[in-house]
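Asker: First the structure, then my questions, so here it is.
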Amino acid sequence: MPQLLISNVNSPTFVLAMEKFISVFDMFKIGVGPSSSHTLGPWLAAKHLMKRVSDLSGIKNINALHVYLYGSLAKTGKGHGTDTAILMGLQGEDPVTTDTRLIAQKVQNIKDTHHILLDGVHEIDFNYNDHLVFLKDKSLPYHPNAMQFVVELKDTVKTYTYYSVGGGFIETEASEDGLELGNIIEDKKETNVEVPFNFFHTEDLIHWCIKTGLPISDIVRENEKQLHTEQALEEGLDRLWKTMLDCIYKGVHANGILPGGLQVRRRAADLSARLLKQDNDVDKAAKLANEDAQTMEAWMQQIQSGGGDFSYILDWVSCFALAVNEENASFGRVVTAPTNGAAGVIPAVLMYAINFCNKGSQQDIHKFLLTANAIGILFKNGATISAAMGGCQAEIGVSSAMAAAGLTELLGGNQRQVLMAGEIAMEHHLGLTCDPVGGLVQIPCIERNTMGAIKAITAAQLALQSKPEYALVSLDKVIHTMWQTALDMNVKYKETADGGLAMQIPIGLAEC
C-alpha cells in the first residue's frame, strides 16, 4: 500500500475560499444526492483529479490509484454515497448530466470486475476494498471532509489532497505540480473577479442598496453580469428552477422505500394524493412522473384550486420539501440550496410563493433566487455552509435564512426587512446538530427540510410586519454567533453519526 502524505494543512500553501465573489451558479449547483459535501464535492474532486492528471501526465500513464477518506467523509461516507461519487468522478461522469438510473449498476460493475475505466479511456486494476479506504480514526486538521488520491504513474507517485468544504465547494492543497486552487467550479470562469457591488457583510450590502436604490436581487444581478451575459444569466436561473421543479414533481409521484437499510418509506406521494383527493397508485404515479410539462402545469393548477386553508397550505409546503429530499436520498438529481441535505427548503418556499402568493412569473423566480444567493454569500464568507464544520445549523439554518430573504423581497419587503428575515430564520436554528442516523441523509434530515421551510415563511411574515431599525440583533451578529457556536459544538454532532439521534438506532440497522 502506498505511503500516505499527511501534510501540514495549516501552512500558507492553502488557498482559502474566503471573501471571493460567489456566483448564484456556485451557490446553486445541479448535481446528484444525497449530500453536497459528501457526494457532490467528492464527485467533483475525483472528476477534477482526472483532468489535472490528464493535463500534467496523461491518464494513460496511471498504473494504479488509491483513495483515502478522512474524518466525516470516512465516518458517514458509506451512508452519504461518498464512495459511489468518487468512483463516478474517476470514470469521468458528470453529476449534471449522468443518467442517475445507471449509477448503482456502474459502481457494482467496478466492484465485480475489480477494474475501473479512468475518465472513460484507461482501464486499471481497482479493488474496491483495497483501493478505496475509509480511515474513520484519522482526520486532517484543515477540514473534516478530507480525501487524498495517491496516483501511481509510470515514473513517479503523486498525492493530491482535496477538501469538500460544503455546498459542493472543494478546495485543494498546493501540490508538487505547482497548481493552486481555491473553489473549483466546473465550466466556470474565475470566481475572484472584480464586481461592481462586492459585499462580505450586511452593512456592505445595505451600503450598495442605499447608494444605488436597487433591491438586493438587482445588486446580485449586476454582479453576475461580470461573469454572464443577461441571456446566459436568465437561462441559467431558468435551468435551476426547472431542475428544482422537476425534482419536486418526480418526488410526489414516487413510492417505495428509500435505499440504505433504514426502511424509510417515502411520504410525499401519499401526502400529495391525499391533498388532491386521488388514489396513490404506483403505476399511475410512474406514468404521471414521465408525462410532459403540461401535466406538471395542470398539477400546479390543481394545487392552487384547493383554496387557502392554513392546514392545506402547511401540508403542501411540507409535501414539496419531502419530495425533494426523498429524491435526494435516492441519488436523484437536485440543486444544492446551498447544500443537498437542505435542498428542499428553498424549492418548497418558492413553490409556496408561486402557488399561494401569486408570485410565479419568471421575474419573481429569478428575484427569489438572486436574493437568496446574497444571504448564502454572507453565510459562506462569514461562517460555513458545511455540516461537518458547523452542524445542521450550517445547512438547514442557512437554507431557511436564504429562503426567508427571498420570500420577503417577493412579498414587497425592503432591503432591511429582507436581511431581518434572514436573521430571524437563522436565529431559531442556532445550535442545530447534524446527527444523521446510519450516516444516511434521511433521519432527521428529510423532515428538517419541512421545518426549515415553515420557519422561513414565518420569518418572512415577521420581518414584513416589523421595523428593522428597532431590531436588537443584526444578521451579521447572527452569522458571527453561528460560527462561534460551530466552533464550540462537540465534533460528534458534526455529521459523524457519533451522537444525537444517530445513537438511538440499533447498530447494524444501517451501515455508517
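The values are calculated or read from the model by the stated rules, or taken from the named source; none is laboratory data. This one's a predicted model, so the numbers in the text were calculated from it and none came from an experiment. Virtual Cβ from ideal backbone geometry, glycine too; neighbours counted across all protein chains shown.
Asker: Keeping to the stretch 413-452, report how many residues are among the acidic types (Asp, Glu) and within 30 Å of Cys209 (Cβ to Cβ).
Answerer: Pass one, the stretch 413-452, residues among the acidic types (Asp, Glu): 423, 427, 435, 447.
Checking the rest, the ones that are also within 30 Å of Cys209 (Cβ to Cβ) come to 423, 427.
Final tally of qualifying residues: 2.
Asker: Among the residues of the stretch 432-444 satisfying the criterion of being in contact with a Leu (Cβ under 7 Å, 6 or more places away or on another chain) and not polar (S, T, N, Q), which is surrounded by the fewest Cβ atoms within 10 Å (Cβ to Cβ)?
Answerer: Pro444
Results for (1) of a type in the set (A, V, I, L, M); (2) without any contact (Cβ under 8 Å) to a residue 24 or more places away in the chain; (3) touching a strand residue (DSSP E or B) at 6+ places or on another chain (Cβ under 8 Å), shown as yes or no for each residue.
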residue	(1), (2), (3)
Asp99	no, yes, no
Gln105	no, yes, no
Gln108	no, yes, no
Lys111	no, yes, no
His122	no, no, yes
Val133	yes, no, yes
His143	no, no, yes
Met147	yes, no, yes
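Here is a yes/no grid of residues against (1) closer than 21 Å to His207 by Cα; (2) surrounded by fewer than 24 Cβ atoms within 10 Å (Cβ to Cβ); (3) in contact with a strand residue (DSSP E or B) (Cβ under 8 Å, 6 or more places away or on another chain); (4) free of Cβ contacts under 8 Å to residues at least 24 places away in the same chain:
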| site | (1), (2), (3), (4) |
| --- | --- |
| Val345 | no, no, no, no |
| Val349 | no, no, no, no |
| Ser361 | no, yes, no, yes |
| Ile365 | no, yes, no, no |
| Phe379 | yes, no, no, no |
| Thr408 | yes, no, no, no |
| Val418 | yes, no, no, no |
| Gly422 | yes, no, no, no |
| Leu430 | no, yes, no, no |
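Asker: Which condition number does Gly307 fail, the rest of (1) closer than 15 Å to Cys445 by Cβ; (2) of a type in the set (Gly, Ala, Ser); (3) not in a helix (DSSP H, G or I) being met?
Answerer: Only one criterion is unmet by Gly307, namely (1).
Asker: Any idea which of Gly236, Gly261, Gly251 is at pLDDT below 95 and either among the small types (Gly, Ala, Ser) or surrounded by fewer than 19 Cβ atoms within 10 Å (Cβ to Cβ) (or both)?
Answerer: Step by step, each of Gly236, Gly261, Gly251 is checked, and only Gly261 is at pLDDT below 95 and either among the small types (Gly, Ala, Ser) or surrounded by fewer than 19 Cβ atoms within 10 Å (Cβ to Cβ) (or both).
Asker: Condition first: among the polar types (S, T, N, Q) and more than 22 Å from Leu350 (Cα to Cα). Can you find one or more residues in the stretch 436-455 that meet it? Full working, then the answer.
Answerer: Step one: of the stretch 436-455, the residues among the polar types (S, T, N, Q) are 442, 449-450.
This time we only want the ones that are more than 22 Å from Leu350 (Cα to Cα), so: 442.
Yes.
Asker: How many residues, within the stretch 325-383, are assigned to a loop (DSSP other than H, G, I, E, B) and farther than 24 Å from Ala394 by Cβ?
Answerer: 5
Asker: Could you grab me the full set of residues in the stretch 120-136 that are touching a Lys or Arg at 6+ places or on another chain (Cβ under 6 Å) and either outside the structural domain of His48 (by TED's automatic domain parsing) or aromatic (Phe, Trp, Tyr) (or both)? Don't jump to the end; show me each part of the working.
Answerer: Filtering the stretch 120-136 for residues touching a Lys or Arg at 6+ places or on another chain (Cβ under 6 Å) gives 122, 128, 136.
Selection gives Tyr128 alone.
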